[in-house]
Every structure is written in C-alpha cells, then in structure tokens.
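Just below is one structure, and these are the notes that go with it.
The values are calculated or read from the model by the stated rules, or taken from the named source; none is laboratory data. As the structure is a prediction and not an experimental result, all values here were calculated from the model. Cβ atoms come from the backbone with ideal geometry, glycine included; neighbour counts cover every protein chain shown. Just so you know, the surface numbers come from the protein's heavy atoms only, side chains and all, with ligands and any DNA or RNA stripped out. Shrake-Rupley method; radii C 1.70, N 1.55, O 1.52, S 1.80 Å.
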Amino acid sequence: MSSSSVVVAEVVRSGFVESVHHGIIAFSDKSGVGEIGQPFFPRSSNKPLQTVGMLRSGLVPREETDLAMISASHDAEPFHVDRVLGILAAAGLGPEALGCPAQLPHGEQARDAWLRGGGGPERILMNCSGKHAGMLATCVVNGWDLGTYLDPRHPLQVALADAVSELTEEPIAAVGVDGCGAPVLAVTPIGLARAFQRLVEAEPGTPERRVADAMRAHPELVAGTGAPDTVLMGAVPGLLMKSGADGVVAAAVPSVGGVAVKISDGAMRARVPVLIEALRRLGVSTPDLTEPVLGGGQPVGEVRAVRFA
C-alpha cells in the first residue's frame, strides 16, 4: 500500500496507545481518507460482485438463499457445508470438482468440533468453497470446461471480471491469485464502495439486488454464527457487508451510501472498528462491536478507530 495511507485505528492497552494501524477509507461519494484512488486487491469483498457476474452468465440457483452462500467466506459450520454440497449436487457435481485448497474449518468452534470428530482438511471446508461451487455451477450451465475454471482466460473468469469492472465503473487494474486459487481483481477503494452502493440500490429482481437481498436475508451464511458480518447485517436495517482477507471490508446502506476500508498492514483486528466509525459518519447507527486487547487473559483495552473529519 502507498505511504499516503493515514492512521485510522489505535491499539490501546491499559489506557496507553501501544500501536497504530494505517489505512484507507473510501466513500461512494468520492470522499475519504488516504489514497482512495489507488488500486488494491479487495480479496473476498469482491465476492458479491462476482456472484452478480455468475447470474449475468446464466447461473440458476436452486433458491435465492444459495446466492448468499456463493458470496460467502463461511466458517464451515454444518449448515454451510450442507448448502455448498447442495449447490454442487444440483449441478451434478461432487466436492472433488472444487479447485480450492483443502483446509480445516475457518470458524474456531466448527474447527474444534471437526477435529474432535477425527476430521482433517477438505476442500468443501475451505471458506471460499461456496464461491467455487457457484463458479462450477455457472460453467455447467454454459457447457464451459470445468478443469480450467480458475484460469483468468477462462470464459467464466472473463465474464466475472467484466462484471466487477462494470459495477465499480473502472477497469481492472491487476489480476492476481487469491488465497483460494481463484483470480483476484484489483480495483480502487472508491470503486468498491460505489459497487456496493449499486448493489443495494438496484431495482428489485436484478442480479445486483438479488445478491444483496440474499446476503441481507441470510447473514449467517455469509460468514458464520457471531461473525461481524453476520451480526452487523442482522442488526442494521438494509446493511450489506462483506469482509475480505488482509484487512478489507466493504459495506453499503440504500439511500445512505457505500464505504470501503483497507487496513494497510493487513490487520484484520482494525477493520470492523474503522468500518463502524465510517458508517456512523454516514449517520448509520450500529451496535458496538469491540475488538478487545487482552492482558492475562482478560480485556485490558481495545482496538479503536481514530475519528476523522
């Protein structure tokens, strides 16, 4: 990230600021903090935009709920795994078709339960398996090759890149390989904020609105039980939110605006406090989700957002 990012969060221990996090905050009205026009990888915050691309390419979900699962970074709780298996089965596929790496569940409780049962890493447990299942189902509908679906030159990935570019209203600045093996597309923070606003303000029944509505109706699928995305979407009327790896999160509320946050050092602990401060700047009331700092196993401080003009 550019050195033009600014301090957006402080880590307070026992009343003393022991460290800070730099970052960028972009609003859909083109205002913000830091270099809001510098391209970055939104990581999994791109997923709702990619799901829109799948619908535009002919994906027919079993039910609208599947769109939340395809847009998810899930904790691999049993209801997550069952739904991903269902998406694959409807396309005539099994988990062996997934191109994402085998992993243990992302969620701590789900991981502990899985290990107690003697389980090991599996592709279906990877937190991006819903997106991969949706990609494969889209390929099946179109008769596209399944073995190369992660290649950026594959018709699927070309279509998804076109959707991301159109929704952000800017060209793709770079293409990389995400943690799950799928292409990750660089856009600007302001472009990401603008795209999220477009999703929540789209006409009912459009691909954009269908994805936003499914995620907001089923936030427990988007992340997991007790996760910030789940809690905030369940508590704030109309809020669409999607976190991404390396300190990224994007959100939007209809008739209010969109916001994208990138923590420059990739710290996940700072993203939610900063997002909440940004939403409050937009006049959105949110619950307090504190990120505690521990000492001796007990909370002795917190990660707090730095107020900005």
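Remarks
- For the condition in a helix (DSSP H, G or I), farther than 22 Å from Leu160 by Cβ and either hydrophobic (A, V, I, L, M, F, W, C) or open to solvent by 50 Å² or more (accessible area, probe 1.4 Å) (or both), Leu115 qualifies.
- Residue tally, condition in contact with a Lys or Arg (Cβ under 9 Å, 6 or more places away or on another chain) and either open to solvent by 20 Å² or more (accessible area, probe 1.4 Å) or in a helix (DSSP H, G or I) (or both), over the range 213-231: 5
- Positions within the range 260-292 being part of a strand (DSSP E or B) and either under 19 Å from Ala223 (Cα atoms) or charged (D, E, K, R) (or both), in sequence order: Ala260, Val261, Lys262, Glu291
- Any hit, the range 146-160, residues being among the charged types (D, E, K, R), out of contact with any Leu (no Cβ under 8 Å at 6 or more places or on another chain) and closer than 16 Å to Lys47 by Cβ: no
- Among the residues of the range 35-44, those identified as open to solvent by 30 Å² or more (accessible area, probe 1.4 Å), part of a loop (DSSP other than H, G, I, E, B) and not polar (S, T, N, Q) are Glu35, Gly37, Pro39, Phe41.
- One residue stands out in the range 288-309 among those that are closer than 24 Å to Ser31 by Cα and free of Cβ contacts under 8 Å to residues at least 60 places away in the same chain: the one that is least open to solvent (accessible area, probe 1.4 Å), namely Ala309.
- Residue satisfying all of: in the range 45-76; of a type in the set (Ser, Thr, Tyr) and open to solvent by less than 10 Å² (accessible area, probe 1.4 Å); nearest to the chain's Cα centre (by Cα) among these: Ser45
- The set of residues in the range 122-178 being under 23 Å from Thr206 (Cβ atoms), charged (D, E, K, R) and assigned to a helix (DSSP H, G or I) consists of Lys131, Asp162, Glu166.
- Residue match in the range 95-106 (condition: more than 22 Å from Ser44 (Cα to Cα), of a type in the set (Asp, Glu), open to solvent by 10 Å² or more (accessible area, probe 1.4 Å) and free of Cβ contacts under 8 Å to residues at least 40 places away in the same chain): yes
- Of Gly244, Gly234, all but one fail to be on the phi < 0 side of the Ramachandran plot, open to solvent by less than 10 Å² (accessible area, probe 1.4 Å) and of a type in the set (Gly, Ala, Ser); the exception is Gly244.
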